[in-house]
Amino acid sequence: MPEPMGFFTDTTVCIGCKACEVACKEWNQLPAENGGIRELSGDSYDNTRRLDGIHWRHVRFIEQFKGPYDGRWLMMSDVCKHCVQAGCLEVCPTGAIIRTEFDTVVIQSDVCNGCRACIAACPFGVIDINPVSGTAQKCTLCYDRLKVGLEPACSKACPTDSIQFGSIVELRTRAQKRVDQLKSQGVKAELYGADPKGSLGGLNSFYLLVDEPEVYGLPRNPQLPSRNLAKSAGFSVASAAVLGVLALVGLRKRRMDDMGGPGAGGSN
Amino acid sequence: MSDTFFSGAPHWAWLIILYFFVGGIAGGACLLAAVVDWFGGPEDRPVVRTGYNVAAWGAILSGALLTIDLGRPLRFWHMLFQSANVPALMFKGWSPISFGAWGILLFGLFAVLSALGGMAEEGRLHNAALRAVGGAVRGGLAKVVGGVAGLLGVFIAGYTGILLSVTNRPIWADSPWLGALFVASGASTGAAALILLAPGRGATEQSLARLSAFDTKALVVELLVLVLFVASLGSVNRVWIGFWGLVLLVGVVGLGIVAPLRLHLQRRPLASAAKLVLLGGFLLRVATILASEGIERYRVAAGM
């Protein structure tokens with residue numbers, strides 16, 4: 001049995017070259033948007049803007065500028081987090097979403113029927129419909145490459161090793177060393193998703209960040225969608241019980257009224 | 001900021017809104033038909049038959065809407081059977097969309113049987129096979145089938161709200177009250193549909209007055225649950241500052257709940273109030289779904 005595999009993304013060395021995006025699209029044969037005629041975002045050098053069914057890698061450009069000489073660029077190559085407790089896998093009604101032997105999460109395109117429950121369930125906004133297949137799609141962590149002992153296309157292409165692929169245990173050790181190194185240099189650095197006791201049992205694609213998670217478009221405390229199931233079902237049953245009783249009482253009252261009418265009164 | 005603002009919109013739009021609305025009416029009407037079937041008098045039979053008919057057609061329409069909305073409609077059966085391991089069933093008790101698929105199937109089955117029973121009672125079935133099925137659903141069996149359909153009807157009206165709550169989307173996952181709200185709305189719109197349709201099948205003034213009295217109570221419950229829903233959203237309520245907030249306040253609360261309640265109190269024509277209740281029920285689904293669906297656009301615009 002292979003050990004859990006994943007990505008460690010060190011955002012401090014990402015240069016925003018988008019080689020990972022290109023490698024991902026090329027290996028997975030993902031189509032261009034709008035036939036390749038893409039509308040520019042107009043307010044950023046980032047024109048991909050988000051992860052979706054045909055963009056399984058997205059390099060976020062976070063432009064923090066207070067003035068012409070006071071600012072910085074943050075760059076982060078974003079991807080599916082391959083959560084240890086995955087919301088998408090939890091809600092998928094067709095069984096299309098599976099956990100692989102590498103502890104990654106994969107959508108089987110030939111099983112998915114495009115109901116889109118997984119899109120709403122993912123706390124990171126990773127999944128979307130691929131308009132060509134009509135099914136939900138996202139990063140597979142190059143399952144096909146892993147099966148034959150190859151590294152995922154994105155990390156292979158990354159020229160700065162911002163995206164590192166390997167066993168999760170080894171990546172965590174490496175990531176902690178890098179955090180310690182940065183902190184010793186006075187850089188505010190934190191790991192996001194590396195803690196197996198944290199949210200969603202840890203993320204098999206985790207990050208080194210130098211600002212708050214929200215700045216990178218990441219939720220501070222991602223949760224499973226099923227957290228609401230018991231409470232929501234309980235309130236629904238209570239509401240149904242109240243309405244059922246109201247209907248029953250109304251009808252029973254009518255019957256009693258009928259029984260207590262002139263005919264009934266006469267028999268007393 | 002709620003963590004739900006970082007999720008993606010599932011593009012559940014008009015077909016799903018229509019399904020939630022139709023499913024609510026079908027479920028509510030079926031519940032009322034079953035209650036009247038069990039506890040009403042012979043003069044209420046037109047209401048019972050109308051209710052089961054609304055439920056049956058609603059279930060069929062619901063199934064069609066859901067199937068058409070899929071990215072791959074021909075794979076709709078993947079929700080019921082394991083596609084690579086037929087005939088093994090596909091069922092996840094913790095996934096509302098999974099148990100909902102089974103719920104719609106079973107609701108449709110029992111609602112159609114009840115409707116056929118009602119049509120056989122009226123002598124309206126001309127096809128021999130349908131007449132045989134409808135004829136078999138009578139007496140005690142009809143009550144049991146109708147009762148099961150009624151219980152499944154409540155489920156269909158409410159699980160759609162639970163389905164929305166069991167996501168990571170803004171508004172939907174920020175409150176546990178959507179299921180309860182949709183149950184109440186299903187009851188009020190179901191009663192309204194019966195008030196509008198049952199006279200065509202010979203419902204008496206008395207039956208309609210009883211339905212109207214129930215609708216008043218259902219609207220009060222709906223209003224209370226709506227208040228609890230909005231209160232539970234906390235800081236997320238800022239999403240209502242805009243068009244969808246106006247729809248919720250004016251369309252749902254004003255036109256869909258307060259106005260029909262006022263008409264009921266003034267003993268004005270039942271049909272006018274019922275039409276407003278249906279409008280309010282539709283706008284409730286529109287506002288709750290599209291308000292959340294639209295949020296991703298702001299997220300993208302903000303470069304998040």
Alpha carbon Rg of region B:168-304, scaled by the compact-globule rule 2.2 N^0.38 Å: 1.17
Calculate the tail of P(r) for the protein assembly as shown: the fraction of all Cα-Cα distances greater than 31 Å, expressed in %. 53 percent
Angle in degrees between helix B:14-39 and the longest Cα principal axis of chain B, rounded to the nearest 10: 40 degrees
In deg cm²/dmol and to the nearest 500, what is the mean residue ellipticity at 222 nm of chain B if only DSSP H runs of at least 4 residues count, each as -39500 (n - 2.57), divided by the residue total? -23000 deg cm²/dmol
Taking a probe of 1.4 Å and counting only protein heavy atoms, give the total accessible area buried between chains A and B in Å², rounded to the nearest 100. 5000 Å²
Name every cysteine in the protein assembly as shown that ends up alone, with no second cysteine's Cβ under 4.7 Å, or say none. A:C14, A:C17, A:C24, A:C83, A:C92, A:C112, A:C115, A:C122, A:C142, A:C158, B:C30
Placing unit charges on C-beta atoms (Lys and Arg positive, Asp and Glu negative, everything else neutral), compute the dipole magnitude of chain B about its Cα centre in debye, rounded to 20. 240 debye
Roughly to the nearest percent, how much of the accessible area of the protein assembly as shown is carbon and sulfur, given a 1.4 Å probe? 64 percent
Those helices of chain A passing the 18 Å axial Cα length cut-off and the mean Kyte-Doolittle cut-off of -1.0 (DSSP H runs only) are A:168-184, A:229-259
Accessible area in square angstrom per residue, the protein assembly as shown, 1.4 angstrom probe: 42 Å²
Provide the FRET efficiency to the nearest 0.05 for the A:L40-A:K66 pair, computing r from the beta carbons and using R0 = 25 Å. 0.50
Minimum 10 Å² accessible area buried by the other protein chains, region B:60-83 residues, probe 1.4 Å, relative to alone: B:D69, B:L70, B:G71, B:R72, B:R75, B:H78, B:M79, B:S83
Any idea how far apart B:R262 and B:L249 come out in nm if each label point goes 7 Å out from Cα toward Cβ? 1.7 nm
Cα to Cα, under 29 Å, and not fewer than 8 places away if on the same chain: which lysines meet these conditions relative to B:K275? A:K253, B:K217
Can you give me the long-range amide H partners of B:H11? Hydrogens built in the peptide plane at 1.01 Å from N, cutoff under 5 Å, separation of 5 or more residues or another chain. none
Take the residue pairs A:K138/A:K177; A:K25/A:K81; A:K25/A:K156; A:K138/A:K183; A:K25/A:K183 and return only those whose Cα atoms are more than 24 Å apart. A:K138/A:K177; A:K138/A:K183; A:K25/A:K183
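The values are calculated or read from the model by the stated rules, or taken from the named source; none is laboratory data. None of the values given here were measured: they were computed from a predicted structure. With ideal geometry, Cβ positions are generated from the backbone for all residues, glycine too; neighbour counts draw on all protein chains shown. For the accessible areas, the whole protein counts, side chains as well, though only heavy atoms, and no ligand, DNA or RNA atoms are used. Shrake-Rupley method; radii C 1.70, N 1.55, O 1.52, S 1.80 Å.
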